[in-house]
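> Quick one: the structure is below, questions incoming.
Laboratory data are not the source of any read-out in this text; all were calculated from the coordinates shown. Since this is a predicted model, take the numbers as computed values, not measurements. Don't worry about glycine lacking a Cβ; one is built from the backbone with ideal geometry, like all the others, and counts go over all protein chains shown.
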Amino acid sequence: MQRMLRYYNWSASMEPEVAETGVPGIRRQEALLTIAAPSPQTSPTMNSSNGKSVHSHWPANPAACINRLSRKRQEIMRPVFENPREYVLLSTRRLAQKLKVDSGTVVRIAVGMGFSGYHDLQHYLHELALSQATALEPMEASGKIESGMESHARHALDQNIRNIQRLRKSLEYDRIVSLAKKIYRARRILLLGGDLAANLVEFLHYHLLILCLPSVSATTSGETMNLTRSAGKQDLVLAVSFRQCLAQTVEGLQQARGNGAYTVGITDTFISPIARYADEYFLAPVEASYGISYAAPISLLDGIIATCGFYDYNRNQAILKKVAEEQRKGSRWYREK
């Protein structure tokens, strides 16, 4: 439990101070400074050509890492990849002691898996830990805080602010404009996402419909497979899923791309299957003190919607005049009698 709490504290300490918002930043723990946490410029940014990660040299998935090693070294590293939270904070020497090998072997194993060195492997383990996170772990970690119940609400809001600041610092706004252009040129905009992410899909879908754009949403397995089966080269597919990612969303994305559609992913780590299989993707952190936080993903969608709204100003102004008229006089709105 203590290791889990330290992991979440380290993850939070990667974020910049937020004094300008009036919310105190999180103090970096001295014991964790040995880990070179990714800066906002290297993680989770993508290059502007295709949105692919600056860590594109990394192996595609944990199995690809392990398979590059000899059978003996595979068995040494297997527990590290099965439970990365237990190892991500360890120095080279401490990891070597835990695995019962020498420090040089740890470094050689890291290079053998395709990483530039041990710190590069640590960054990968951090992303892997995020992708494997469940709703239970942050709750257990937060439960160790010695303060009143009201502090949990404050910590939740503090984490939301840190997530949004990470998004703001890493987001390449020219890529949002490029996405808006693709949305307007698409024959159809197919939006994929299930479970809790269905709320994000429907939020975007509703706003695209207001702008009279040809948006179609799919939030169940059957809808996703049937919709993406008909996807083609003139369609744009936007898939939303986080952490381990829902199978229906990943498989729908793969099917649509296989049919020639241009695919865009929204996820929280560049080692997620959504990031691997999409033509381009955007990252939005979802770390929370309880469950999962959609503060950053909804802010990203707000940015996409606003850009789409202003992309063709005259067209959309004419549409919104009609929307405003309905909002003022429409029968579906409650009127006090």
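> Quick one: work out Rg over Rh on the C-alpha atoms of the range 171-324, Rh as Kirkwood radius.
0.95
> Quick one: Arg78, Arg185, fewest Cβ neighbours within 10 Å first, how do they rank?
So the residues, fewest neighbours to most, are Arg185, Arg78.
> Starting with the highest mean, order 191-199, 313-321 by the number of other Cβ atoms within 10 Å, averaged over the residues of each peptide.
Result, highest mean first: 191-199, 313-321.
> A follow-up question, please. Would you tally the net charge around Met113, using a Cβ to Cβ cut-off of less than 13 Å, leaving Met113 out, and scoring K and R as +1, D and E as -1?
Its environment carries a net charge of +3.
> Is there a quick way to get the dipole size of the range 171-324? I mean about its Cα centre, with the Cβ of Lys and Arg at +1 and of Asp and Glu at -1; what is the value in debye to the nearest 20?
On the way: 14 positive and 13 negative charges, 132 e Å.
Computed about the Cα centre, the dipole is about 640 debye.
> Could you tell me which residue out of Ser170, His152, Leu128 lies farthest along the dipole of the range 105-211 toward its positive end? Charges go on the beta carbon: Lys and Arg +1, Asp and Glu -1, centred on the Cα centre.
The residue sitting most towards the positive pole is Ser170.
> Okay, next question. Determine, for each peptide in 148-155, 160-167, the mean count of other beta carbons within 10 angstrom over its residues, then list the peptides with the highest first.
The most tightly packed comes first, giving 160-167, 148-155.
> In terms of Cα to Cα distance under 30 Å, which lysines are near enough to Lys98, apart from those fewer than 8 places away along the same chain?
Lys98 reaches Lys72, Lys144.
> Output ³J(HN,Hα) for the range 265-270: one whole-Hz value per residue in order, computed from phi by the Karplus curve 6.51 cos²θ - 1.76 cosθ + 1.60 with θ = phi - 60°, and x for Gly and Pro.
x, 10, 8, 10, 8, 7
> List the aspartates and glutamates whose alpha-carbon lies under 12 Å from that of Lys169, not counting same-chain residues fewer than 8 positions away?
Glu15
> For the range 309-323, take each phi angle, set θ = phi - 60°, evaluate the Karplus expression 6.51 cos²θ - 1.76 cosθ + 1.60, and give the result in whole Hz per residue in order, putting x for glycine and proline.
Listing the rounded values in order: x, 9, 4, 10, 4, 5, 4, 6, 5, 5, 5, 6, 5, 5, 4 Hz.
> If you don't mind, another one. In bins 5 Å wide, starting from 0, what share of all Cα pairs of the range 237-284 does each bin hold, as a percent?
5, 29, 39, 20, 6, 1
> Taking just the C-alpha trace of the range 92-234, give me its Rg and Dmax in Å.
Both quantities, over Cα of the range 92-234: 22.1, 63 Å.
> Before anything else, pin down the relative contact order of the range 171-324: Cα pairs under 8 Å, at least 6 apart, normalised by residue count, whole percent.
22 percent.
> Sequence-distant or interchain residues sharing an amide H contact under 5 Å with Ser217, placed H: which?
Here the answer is Leu191, since their amide H atoms fall under 5 Å of that of Ser217.
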